[in-house]
1. Which pairs in the list Lys83/Lys138; Lys83/Lys257; Lys96/Lys197; Lys89/Lys138; Lys89/Lys255; Lys94/Lys235 are over 28 Å apart, alpha-carbon to alpha-carbon?
2. For Leu87, what residues show an amide H to amide H distance below 5 Å, using hydrogens built from the backbone and excluding near sequence neighbours?
3. Return the FRET efficiency for the residue pair Lys94, His240: r is the Cβ-Cβ distance, R0 is 30 Å, and the value is rounded to the nearest 0.05.
4. Ranked highest first by the average count of other Cβ atoms within 10 Å around their residues, in what order do 253-266, 210-223 fall?
5. Give me the net charge of Ile131's neighbourhood, meaning all other residues with Cβ under 12 Å from the Cβ of Ile131; Lys, Arg count +1, Asp, Glu -1.
Amino acid sequence: MVFSQDTLTKKEWRKQYKNFLLNDRPWTIEAPLWIPGFQGVFAYGDVEIEGEDGVDPENPIEPPGGWLGDVLSRIFTKDWYLKFFFLTKVAYEKNKFIVQLDGLTGAVGFSTKFKLNDQQIVQANFRSTNIRLYGGYKLVEANSKNKKFRYELFGYIGARAYFQNVYSDLNGIYDKLDFHPFWIEPVLGLQNQLAFKRWFIVVQGDYGGFFDKSKYSIQITGYVYYRTGRITSLKFGWNHLQLNKTGVIRDKDFKVKVTLSGPSVGLVFHF
């Protein structure tokens, strides 16, 4: 986010305090803002865990069929929850290079309760924290004649690390499932940047795993900054992450498929 020319008038220097077109502050740091219910209401999460036979390796016991099954289906309820939260971002951009570290976290789960005494019978949850680090190089830069608009395209390469936690329990009656998959995969992506006065828009996408069938992912990110002061901006954005992982649990093959998609809001600092 750097624009330079030989000489700058006082008016042009004042502009850089109000927009992104003249910016000598290469560091960007985001602090997430939590709005109660915002991520939970608008976010989407889905987790599928399959065993070697194509089903959940620790599938909870289902109520029996027939008349008794119909009765049980009325007294059991499921309460689904989803939590999605963007962690932070630290970026450094100078000349044609950019380096960025960012992360997001999410949790998906459900609990089945017995209505008569509100006793929890089954609970299962999946928690994921994903950290991405990459470096990029500017491939394209275009400025309007009046210097009020700038477009930049970066290609980048890096790595994404996954810290997962999978847990399920049936009040000690059924075998518990508690394991923590962890893996790192390379990523390759493109980042589009558009600056217009106080507005700064970024749309990026990358592919992780490089066609490794045992682990691969797709992440799409879009956000908007609005400059509120000399060093501060407000951020509104959206993250969408799909990941797939094949591994072994208790000497048995398993497959984890996860989708986390949701909004993010933050306070941004430029240095």
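1. Cα-Cα > 28 Å for Lys83/Lys138; Lys89/Lys255; rest within.
2. Result for Leu87 returns Gly103, Leu104, Thr105.
3. 0.55
4. Working: 253-266: 19.4, 210-223: 15.6.
Highest to lowest by the protection proxy: 253-266, 210-223.
5. +1
Coordinate-derived values only; no laboratory data. This one's a predicted model, so the numbers in the text were calculated from it and none came from an experiment. Cβ sites come from the backbone with ideal geometry, for glycine too, and all protein chains shown count toward neighbours.
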